[in-house]
Amino acid sequence: MSVTSVDTDLEQRAINVIRGLCMDGPEAAKNGHPGTGMALAPLAHVLWTRVMNYDTSCIDWPDRDRFILSNGHASILLYSMLYLTGNGDLTLDDVKQFRQWGSKTPGHPEVHHTKGVEVTTGPLGQGVANGIGFGIAERYLRGRFSADACDHHTFVICGDGCLEEGVSHEAASLGGHLKLGRLVYIYDDNHITIDGDTDLSYSDDAGKRFEAYGWHVENIGDVANETDTIEAALRRAMAVDDAPSLIILRSHIGWPSPKYTDTEYAHGNPLGEDEIRVTKEILGLPPDEHFYVPDDVLSFYREAGERGRPLREAWEKRMAALDIDHAAWDACLTGRGMNGWESKLPTWSLGDKVATRKSSGACLQALVDDVPGLMAGGADLTGNTGTVIKDNGVQTPDVPEGRQVYFGVREHGMGSIMNGMALHGGTLPVGGTFFVFSDYMRGAVRIASISDAKVIYSWTHDSVGLGQDGPTHQPIEHLASLRAMPKLRLIRPADANECAAAWQVAIESNGPTALILTRQDLPVIVTPEQAQGLRNGAYVVAESDDVADPSDDLDVVLIGTGSEVQHCVGAKALLEAEGLRVRVVSMPSWSLFELLDDDAQEDVLPSDVPTLAVEAASSFGWDRWADDTLSIDHFGASAQGDVVMEKFGYTAANVADRARQLLAELDGED
Ligand SMILES: Cc1ncc(C[n+]2csc(CCOP(=O)(O)OP(=O)(O)O)c2C)c(N)n1
Ligand SMILES: [Mg+2]
């Protein structure tokens, strides 16, 4: 590719203006990634001015084409395009504030933070999987409400790093299997990652790999500056309806910087004043002007940003006349239930015995009609994790409205695909796996939490109580580690009625909810009315008679979560027989409890009453709420679940013993 090939017509000047911004943003910040945006400016130009349908006067238009920058480090390219086209509210000053405190242009793109950004990207590979989620959501809406309501493409740019990451392999495999034809990926094949040439660690034939996944693949070669060639390839890919497409585009990171083209330096370093000046001269940009955007270029992009308005207006008209269930469409887009959905939640009677994975599955099935965005499935554990949706079809090309998604054994992929489904809008994904394998999806859970993706995790087999699969399958540290994750709503219900209350919270709230559910049967110990206490995160399940003032009258508080609450209730009876006065608190959710003010927390957990927490998991963190714990600070063991539970001390008798010990210790201290 020769440096002299730069033209001077408006489009070419416009592309070079993007390149200028991609150099100036990181240079001003003294930090950031100029090279990728410089090389991909022509591709971005083609997408935003010729190919993608969007309307800057209505950026949330549900039927717009979507764009995902999976290589999120190239954020300056996305911000430049959002500003230039006016898609959102970025100003040139915002671009100048790139990577600064409080700016709308943070280091990596963040959905809900910067208008026009569709997903949060940065952890490489996840954007590739988000795109598969977008494809599923688009197809579901199209299948259910017709192509008049929903019919658009998603464009994803990904780099070497994205394709090296395992999550992209998982997701691409599923995307190919599902034949998601509205997806067009462009692989920025620049042979460079941070360590240097990709030869260091990467010799895949990515094209063959994706072909093997069932994708339409086109290697268009060394044409990153040829806008017409790029456009033609994009249009060919868009015409493929029965497979996702991968366009392989050889590009030259940092082009046309004389010093840094094709070097890893251009990946993550501002090029420096001198080099930027020289490069701007080559590009025909005023070498000493920073953030140079001439009026005619800005007008050109702003007009391009309005191209979609007639399309959007035509869509509005079509929608108004469309004979569909509009209430269901609205509920899908908001991720909420239709009027009265709560009344569909099942209830259970005291003394029933049911595993919470089963009661959760019953809640899901009961809500399917009234929460029309719900789609569910497991990572090859659909039946095991209560994520079966009956009678609504399996998501396939032939059944585009199918609500059962078989994710396959791909936990990280599932998590990131769920984020895509949620953030595309229109679907409320429920994904299941064993709780211990939440580790495999943790990267996606973190992004769901950062980006308020409304997803529901059905994490079952939640303790050593799962039994004979043994320590590899028995979660120990997972509750503690996930409780440390900001914004993740973690709920471990004590019984079936709490499980229904947890579903209610999950549907009503924004952002991710993790349901931590048992494999084994649990007795129903609270009524549906009592279970509403779950909304506060912790509440009194049972208390000795004649407790007027908890601080004076209570001897001990037993806090249980999930399957351990029953043993606290059992221990209460034993301790009462000895004249002690006992409160049992069910604490299904620290995250909900933390939302209460100090007084409300004090009402449930009086700080001057000795407190024992009972949970079949790590003690880590419990000192926040309790004086002592009956916990498991080692890996589990393979035996029948009830045997393991008993050996580790989860019986009413042992809980009572531990409470007595705690009281004796505290007495000794007095
Ligand atoms: C999961 C993950 N691991 C590591 C990183 C750190 N990182 C950022 S960019 C990058 C290399 C990216 O190479 P490539 O995708 O080819 O991008 P290019 O330099 O070509 O733009 C790495 C390792 C990351 N962002 N995400
Ligand atoms: Mg690269």
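Every residue in region 269-278 that is under 15 Å from T36 (Cβ atoms) and open to solvent by less than 30 Å² (accessible area, probe 1.4 Å), please.
Across region 269-278, the qualifying residues are P270, L271.
Would you mind listing the helices (runs of 4 or more DSSP H) fully within region 286-387 where at least 2 residues are among the basic types (K, R)?
Correct list: 309-321, 356-367.
Which of the residues that make up region 460-478 are within 23 Å of the chain's Cα centre (by Cα) and either open to solvent by 10 Å² or more (accessible area, probe 1.4 Å) or under 20 Å from K647 (Cβ atoms) (or both)?
Residues satisfying the conditions are H461, D462, P475, E477.
From the list Y185, Y140, pick out the single residue that is touching a residue at least 12 places away in the same chain (Cβ under 8 Å), of a type in the set (F, W, Y) and within 16 Å of ligand 1 (Cβ to nearest atom).
Going through Y185, Y140 in turn, the sole match is Y185.
Can we say T49 is surrounded by fewer than 24 Cβ atoms within 10 Å (Cβ to Cβ), over 25 Å from S168 (Cβ atoms) and not small (G, A, S)?
yes
Would you please name the residue that is least open to solvent (accessible area, probe 1.4 Å), looking only at residues in region 179-197 that are within 12 Å of ligand 2 (Cβ to nearest atom), out of contact with any Ser or Thr (no Cβ under 8 Å at 6 or more places or on another chain) and farther than 14 Å from G125 by Cα?
G196
Can you tell me which of S451, S544, S509 is without any contact (Cβ under 8 Å) to a residue 60 or more places away in the chain and either over 26 Å from V111 (Cα atoms) or within 16 Å of ligand 1 (Cβ to nearest atom) (or both)?
S544
So G207 passes all but one of these: (1) part of a helix (DSSP H, G or I); (2) open to solvent by 50 Å² or more (accessible area, probe 1.4 Å); (3) not acidic (D, E). Which condition number does it fail?
Of everything listed in (1) part of a helix (DSSP H, G or I); (2) open to solvent by 50 Å² or more (accessible area, probe 1.4 Å); (3) not acidic (D, E), G207 misses just condition (2).
For S607, indicate whether it is within 24 Å of D469 (Cα to Cα) and either part of a loop (DSSP other than H, G, I, E, B) or not aromatic (F, W, Y) (or both).
Against the criterion (within 24 Å of D469 (Cα to Cα) and either part of a loop (DSSP other than H, G, I, E, B) or not aromatic (F, W, Y) (or both)), S607 does not qualify.
Could you check D670 against (1) open to solvent by 20 Å² or more (accessible area, probe 1.4 Å); (2) modelled with pLDDT of 95 or more and say which number it fails?
The failed condition is (2).
Which of the numbered conditions does Y54 fail, given that it passes all the others? Conditions: (1) surrounded by fewer than 23 Cβ atoms within 10 Å (Cβ to Cβ); (2) under 28 Å from the mean Cα position of the chain (by Cα); (3) more than 15 Å from ligand 1 (Cβ to nearest atom).
Among (1) surrounded by fewer than 23 Cβ atoms within 10 Å (Cβ to Cβ); (2) under 28 Å from the mean Cα position of the chain (by Cα); (3) more than 15 Å from ligand 1 (Cβ to nearest atom), the lone unmet condition for Y54 is (1).
Identify, please: which residue in region 92-135 is among the charged types (D, E, K, R) and without any contact (Cβ under 8 Å) to a residue 40 or more places away in the chain and is, among those, farthest from ligand 1 (Cβ to nearest atom)?
Restricting to residues being among the charged types (D, E, K, R) and without any contact (Cβ under 8 Å) to a residue 40 or more places away in the chain, the top hit is D93.
Mind listing whichever residues of region 388-415 are under 16 Å from the mean Cα position of the chain (by Cα) and either assigned to a loop (DSSP other than H, G, I, E, B) or surrounded by fewer than 21 Cβ atoms within 10 Å (Cβ to Cβ) (or both)?
Scanning region 388-415 gives F407, R410.
Identify, by number, the condition in (1) open to solvent by 10 Å² or more (accessible area, probe 1.4 Å); (2) within 16 Å of ligand 2 (Cβ to nearest atom) that D160 doesn't meet.
Result: D160 passes all but (1).
Quick check on region 252-264: of everything there that is surrounded by 22 or more Cβ atoms within 10 Å (Cβ to Cβ) and either without any contact (Cβ under 8 Å) to a residue 24 or more places away in the chain or over 30 Å from the mean Cα position of the chain (by Cα) (or both), which residue is nearest to C22 (Cα to Cα)?
The qualifying residue nearest to C22 (Cα to Cα) is G254.
Under the condition of being small (G, A, S), under 29 Å from C363 (Cα atoms) and in a helix (DSSP H, G or I), which residue from region 514-558 is least open to solvent (accessible area, probe 1.4 Å)?
The extreme case among them is A531.
A quick yes/no check of all residues on (1) assigned to a helix (DSSP H, G or I); (2) open to solvent by less than 40 Å² (accessible area, probe 1.4 Å); (3) within 16 Å of ligand 2 (Cβ to nearest atom):
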| site | (1), (2), (3) |
| --- | --- |
| H177 | yes, no, no |
| D199 | yes, no, yes |
| G214 | no, yes, no |
| N219 | no, no, yes |
| R236 | yes, no, no |
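What's the total number of residues in region 271-285 that are of a type in the set (A, V, I, L, M) and not in a helix (DSSP H, G or I)?
Qualifying residue count, region 271-285: 2.
Determine which single condition D89 fails, assuming it passes every other condition in (1) over 24 Å from A266 (Cα atoms); (2) away from ligand 1 (no atom under 16 Å from the Cβ); (3) crowded, with 20+ Cβ neighbours inside 10 Å.
(3)
The values are calculated or read from the model by the stated rules, or taken from the named source; none is laboratory data. As the structure is a computational prediction, the values presented were derived from the model and not from experiment. As a convention, Cβ positions derive from the backbone with ideal geometry for all residues, glycine included, and neighbour counts pool all protein chains shown. Each accessible area value is taken on the protein alone, full model and side chains, heavy atoms only, with ligands, DNA and RNA left out. Shrake-Rupley method; radii C 1.70, N 1.55, O 1.52, S 1.80 Å.
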